[in-house]
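Visitor: Please see the structure below; I have some questions.
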Amino acid sequence: MKILLLGKNGQVGWELQRSLAPLGEVLALDRHSTRACGDLSRPHELMQTALNYRPDVIVNAAAHTAVDQAEGEPELARLLNATAPAALAEAAQQLGALLVHYSTDYVFNGEGQVPWQESDVTAPLNVYGQTKREGELAIVNSGCQHLIFRTSWVYASKGANFAKTMLRLARERERLTVIDDQFGAPTGADLIADVTAQAIRHVCALPVQSVHSGIFHLVAAGQTSWHGYASHVIEIAKRLRPESEWRVQEVAPVPSSAFVTAAQRPHNSRLATARLEATFGLRLPAWQDGVERMLAEILSPS
């Protein structure tokens, strides 16, 4: 099997290099690659890269993910999140390849308290969500074989993330204020990558007429608020490293209105995963499991 991976140095892309390696030959690219074009801002060259390499599977882990920044540069966000995926979908259709793409809970309006189903009506609140939804539609309408995984609250031990920010602030401040009216499931990039590899194995083992194209929700099990997430991170960190100089004494809950942002965020980022689990024979672990494993990794003595 030949796999073309885009966005190799992002949080999910980095983990995908590991999880996809046992499946076959992987050509992993990012926007700085010189071997071939992996730059989403050059969709025609990106498409030509795919046509030249002739992969069995294209995995697009690249995107414009700076949510607030996207409000001020909607055309760039649309180029990276919609136009480039459309070009990859056209290449996949021509090649008869499977396209794997990642989307977001931000395609929904964030109302209510019930986890979103794949079939629920979308109504993005911001440019990021709108352009990601346009990317989804471009792929579906292309007619190519595809798996679109909507995920949320993604973290990884590599690079910056919310948990690392909380750890830093817990050493600097006695009181933290964290939003308590947005709900979702912190989801590790390693979990996303492992599920992706399992799904590709599953689909590629099926007869062509049985291939499962479609949109699937992929998040860890359970739910919490950003406040609950922060509180759990600090509790586990103190347990793992009691000798560290933790200054924090209080993690105070506050509403979203306490923080002014360029882009509006959804309050309900819960995603129902029953379809994913039933289709691919999976059981998704609790969000706490992945977070605690990440904390053990980043807080372990060097």
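Visitor: Sequence gap of 8 or more, or different chains, plus Cα separation below 30 Å: how many lysine pairs satisfy both in the chain?
Guide: Taking the Cα cut-off of 30 Å, the pair count is 9.
Visitor: Rounded to the nearest Å, what's the spacing between the alpha carbon centres of the stretch 228-302 and the stretch 23-59? Just the number, please.
Guide: Comparing the Cα centres of the stretch 228-302 and the stretch 23-59, I get a distance of 33 Å.
Visitor: Considering only DSSP states other than H, G, I, E and B, which trypsin sites (Lys or Arg not before Pro) in the stretch 1-42 qualify as loop sites with at most 10 other Cβ atoms within 10 Å?
Guide: For trypsin sites (Lys or Arg not before Pro) across the stretch 1-42 that sit outside H, G, I, E and B with at most 10 neighbouring Cβ atoms in 10 Å, the list reads ARG35.
Visitor: On a 0 to 90 degree scale, rounded to 10, what angle separates helix 287-299 from the longest Cα axis of the chain?
Guide: Tilt relative to the chain: about 80 degrees.
Visitor: Enter the angle in degrees (range 0 to 90, nearest 10) between the Cα long axis of helix 43-53 and the first principal axis of the Cα atoms of the chain, meaning the one along which they spread out most.
Guide: 60
Visitor: Continuing with this model, one more query. From the convex hull of the Cα coordinates of the stretch 86-157, what is the mean projected area in square nanometres?
Guide: 5.9
Visitor: Please work out how much length the chain gains when fully extended from HIS44 to SER257, using 0.36 nm per residue of separation minus the C-alpha to C-alpha distance, in nm with one decimal.
Guide: In short, 72.5 nm is gained.
Visitor: Another question, if that's okay. Pick out, in residue order, every one of the GluC sites (Glu not before Pro) in the stretch 237-300 that is DSSP loop and has at most 13 other C-beta atoms within 10 Å; say none if there are none.
Guide: GLU243, GLU245
Visitor: In Å³ and rounded to a whole number, note down the convex hull volume per residue for the Cα atoms of the stretch 262-302.
Guide: On the way: hull volume 6.1 nm³, N = 41.
Residue-normalised Cα hull volume stands at 148 Å³.
Visitor: What is the diffusion coefficient of the stretch 163-302 in µm²/s, taking the Kirkwood radius over Cα pairs and the Stokes-Einstein relation at 20 °C with a viscosity of 1.002 mPa s?
Guide: This corresponds to a translational diffusion coefficient of 125 µm²/s.
Visitor: Additional query: Which whole-percent values make up P(r) of the stretch 166-206 when all C-alpha to C-alpha distances are grouped in 10 Å steps starting at zero?
Guide: 21, 24, 26, 17, 10, 2
Visitor: At 222 nm, what helix-only mean residue ellipticity would the chain give, in deg cm²/dmol to the nearest 500, using -39500 (n - 2.57) for each DSSP H run of four or more?
Guide: About -12000 deg cm²/dmol.
Visitor: Over all alpha-carbon pairs of the stretch 21-137, lay out the pair-distance distribution in 10 Å bins, whole %, shortest bin first.
Guide: 14, 41, 30, 14, 1
Visitor: Once you wrap a convex hull around the alpha carbon atoms of the stretch 231-302, what is its projected area averaged over all directions, in nm²?
Guide: Dividing the Cα hull surface by four gives the mean projection, 8.1 nm².
Visitor: Can I ask one more? Enumerate the whole-percent occupancy of each 5 Å bin, from 0 to the last occupied one, for all C-alpha pair distances of the stretch 1-86.
Guide: 3, 15, 25, 24, 18, 9, 4, 1, 0
Visitor: A follow-up question, please. Which of the peptides 252-261, 116-125, 134-143 is most tightly packed, and how do the rest follow, going by the mean number of other Cβ atoms within 10 Å of each residue?
Guide: Peptide ranking by packing, descending: 134-143, 116-125, 252-261.
Visitor: Please order THR65, THR196 by the number of other Cβ within 10 Å, starting at the fewest.
Guide: Details: THR65 18, THR196 23.
Ordered by Cβ neighbours within 10 Å, fewest first: THR65, THR196.
Visitor: Still on this model: Using only Cα atoms, tell me the angle between helix 162-172 and the longest principal axis of the chain; keep it within 0 to 90° and round to the nearest 10.
Guide: Tilt of helix 162-172: around 20 degrees.
Visitor: If packing is taken as the mean number of other Cβ atoms within 10 Å per residue, what is the order of 282-290, 55-63, highest first?
Guide: 55-63, 282-290
Visitor: Okay, moving on. Find the eigenvalues of the gyration tensor of the Cα atoms of the stretch 106-199, then list the square roots of 5 times those eigenvalues as equivalent ellipsoid semi-axes, largest first, in whole angstrom. Show your work: numbers first, answer last.
Guide: Working: eigenvalues 178, 68, 28 Å².
Sorted largest first and rounded, they come to 30, 18, 12 Å.
Every read-out reported here was derived from the displayed coordinates using simple, explicitly stated rules and does not represent laboratory data. As the structure is a prediction and not an experimental result, all values here were calculated from the model. Using ideal geometry, Cβ is built from the backbone for each residue, glycine included, and neighbour counts are taken over all protein chains shown.
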